[in-house]
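**Student:** I'd like to ask you about the structure that follows.
The values are calculated or read from the model by the stated rules, or taken from the named source; none is laboratory data. This one's a predicted model, so the numbers in the text were calculated from it and none came from an experiment. Glycine gets a Cβ as well: all are built from the backbone with ideal geometry, and neighbour counts include every protein chain shown.
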Amino acid sequence: MAQEEDIDRSEAARTVFEAGLSEWKKTRALRLFEKGKISILKAAELADLSIYEFLELLSQRKIAFVEIGEDDLEREAKKAGE
């Protein structure tokens, strides 16, 4: 990698580490968000992303970010019918 990128070995190692750390942060934030442990704003913060970037990540990974229960749907249907 260092030769391909024309950088020294320590710079190559740092780049690989940062890429791995970035992916780990995203994976951790996604997992906690999916489990309902943290809000979407907190998840974006943990992933070092803007809220818009985090929403895009959720979309790419096909993770729903809006959970609507049956009770919520019924309540909204009643409101719409009024």
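**Student:** Please find, within the range 17-53, the residue that is modelled with the lowest pLDDT out of those that are loosely packed, with under 12 Cβ neighbours inside 10 Å and more than 17 Å from PHE65 (Cβ to Cβ).
**Tutor:** Initially, the range 17-53 is screened for residues loosely packed, with under 12 Cβ neighbours inside 10 Å, giving 17-21, 23-24, 35-37, 39, 41, 50, 52.
Those left that are additionally more than 17 Å from PHE65 (Cβ to Cβ): 17-21, 23-24.
Working: PHE17: 65, GLU18: 71, ALA19: 68, GLY20: 84, LEU21: 81, GLU23: 90, TRP24: 90.
So, considering only residues that are loosely packed, with under 12 Cβ neighbours inside 10 Å and more than 17 Å from PHE65 (Cβ to Cβ), the one modelled with the lowest pLDDT is PHE17.
**Student:** If LYS79 passes every condition in (1) within 13 Å of the chain's Cα centre (by Cα); (2) in a helix (DSSP H, G or I); (3) of a type outside the set (Phe, Trp, Tyr) but one, which one does it miss?
**Tutor:** (1)
**Student:** Let me ask another. What are the residues in the range 46-65 that are in contact (Cβ under 8 Å) with a residue 12 or more places away in the chain, within 20 Å of TRP24 (Cβ to Cβ) and either among the charged types (D, E, K, R) or in a loop (DSSP other than H, G, I, E, B) (or both), if any?
**Tutor:** Scanning the range 46-65 gives ALA47, ASP48, LEU49, ARG61, ILE63.
**Student:** While we're here: Go through (1) part of a helix (DSSP H, G or I); (2) surrounded by 12 or more Cβ atoms within 10 Å (Cβ to Cβ); (3) at pLDDT below 95; (4) not aromatic (Phe, Trp, Tyr) for ILE7 and report which single condition fails.
**Tutor:** (1)
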